[in-house]
Amino acid sequence: MKPAASPAQTKARAIAAGLEQLLASGALAVGDRLPSESSLAATHGVSRTVVREAIAVLRACGLVQSRQGAGVYVIRQTRFGNELLKPVDPSRVSSAIELLELRAAVEIEAAGLAAERRSPAQEGRVLEACATFQSALDRAEPTADADFAFHQSIALATNNPRFAEFLNMIGSSIIPRRRISGEGEDQVSADYLRKIQGEHEAIASAISQSDPGAARAAMRAHLEGSSVRYRAMIE
């Protein structure tokens with residue numbers, strides 16, 4: 001018989017479940033830093049040991065990642081088991097192109113709606129996510145998580161939760177280069193990433209300027225550009 005959970009374990013699981021709900025709702029997005037251990041402990045009236053156990057649960061589910069000296073960051077908003085679409089097949093570049101075509105059907109409109117509906121805070125999050133990608137690029141660090149966070153910030157700025165739910169459903173496959181390159185790390189050139197960032201900046205600028213037509217056009221150019229780049233891998 002499985003032993004009953006201790007009171008501390010029960011509290012840790014409850015805290016983990018609460019944090020997981022925040023992730024799924026978009027209140028905490030990919031790239032966001034979790035509150036500190038001391039803050040969570042004070043909020044829930046528990047020890048920091050209990051908080052660490054709760055965070056360990058989230059880490060085991062692939063939702064957060066600890067960064068030495070920097071804290072714990074969100075890397076995914078739903079568990080891997082919640083993916084309803086098949087992930088990108090790293091052995092087939094055409095699999096990434098298929099996903100980009102599906103994303104275009106949703107994300108082009110999301111960009112336009114974000115330009116129409118975004119709040120000042122949501123605009124700030126889009127611009128911040130764009131800047132985070134640039135910062136990772138400048139430091140030659142992996143950019144896939146920052147890339148996902150940028151697209152998620154746009155989905156949230158539509159103020160229609162279904163767009164964010166769609167991206168969460170796709171999960172890490174939304175950035176197919178991390179699957180094709182292996183081990184979730186960027187294995188592409190800096191020039192390639194600079195092109196992506198230039199496209200991100202065009203999208204963010206159009207959203208910031210409340211120009212839905214330009215936002216849709218910029219997102220279309222971005223996703224079609226990605227498709228061209230992946231097709232070049234086949235040829």
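The values are calculated or read from the model by the stated rules, or taken from the named source; none is laboratory data. On a predicted model such as this, the values are computed, not experimentally measured, just so you know. Note: ideal-geometry Cβ built from the backbone for every residue, glycine included; neighbour counts use all protein chains shown. With ligands, DNA and RNA removed, areas are computed over all heavy atoms of the protein, side chains included. Shrake-Rupley method; radii C 1.70, N 1.55, O 1.52, S 1.80 Å.
Per the conditions (1) of a type outside the set (Ser, Thr, Tyr); (2) part of a loop (DSSP other than H, G, I, E, B); (3) open to solvent by less than 40 Å² (accessible area, probe 1.4 Å), the sole criterion not satisfied by PRO35 is (3). Among the residues of region 184-233, those that are in a loop (DSSP other than H, G, I, E, B), open to solvent by 40 Å² or more (accessible area, probe 1.4 Å) and either at pLDDT below 85 or within 18 Å of SER135 (Cβ to Cβ) (or both) comprise GLU185, GLN187, VAL188, SER189.
Can you pull out every residue in region 47-67 that is aliphatic (A, V, I, L, M) and open to solvent by 30 Å² or more (accessible area, probe 1.4 Å)?
Selection gives ALA56, VAL57, ALA60.
Of all residues in region 98-146, those being of a type in the set (A, V, I, L, M, F, W, C) and either crowded, with 19+ Cβ neighbours inside 10 Å or on the phi > 0 side of the Ramachandran plot (or both) number 16. Against the test of being loosely packed, with under 14 Cβ neighbours inside 10 Å and of a type in the set (Gly, Ala, Ser), the options ALA70, ALA29, ALA24, ALA16 yield a single qualifying residue, ALA70.
Among residues of region 34-59 that are of a type in the set (Val, Ile, Thr), those with a Cβ under 8 angstrom from a residue that is outside any helix (DSSP H, G or I) and surrounded by 15 or more Cβ atoms within 10 Å (Cβ to Cβ), sequence gap 6+ or separate chain, pair up as THR43/PRO35; ILE55/LEU34; ILE55/VAL64; ILE55/VAL72. Yes or no: region 90-105 includes at least one residue that is among the β-branched types (Val, Ile, Thr) and at pLDDT 95 or above. No, there is no match, as no residue in region 90-105 is among the β-branched types (Val, Ile, Thr) and at pLDDT 95 or above. Give region 20-52 a look and list any residue that's modelled with pLDDT of 90 or more and hydrophobic (A, V, I, L, M, F, W, C), or say none. Across region 20-52, the qualifying residues are LEU34, LEU40, ALA41, ALA42, VAL46, VAL50, VAL51.
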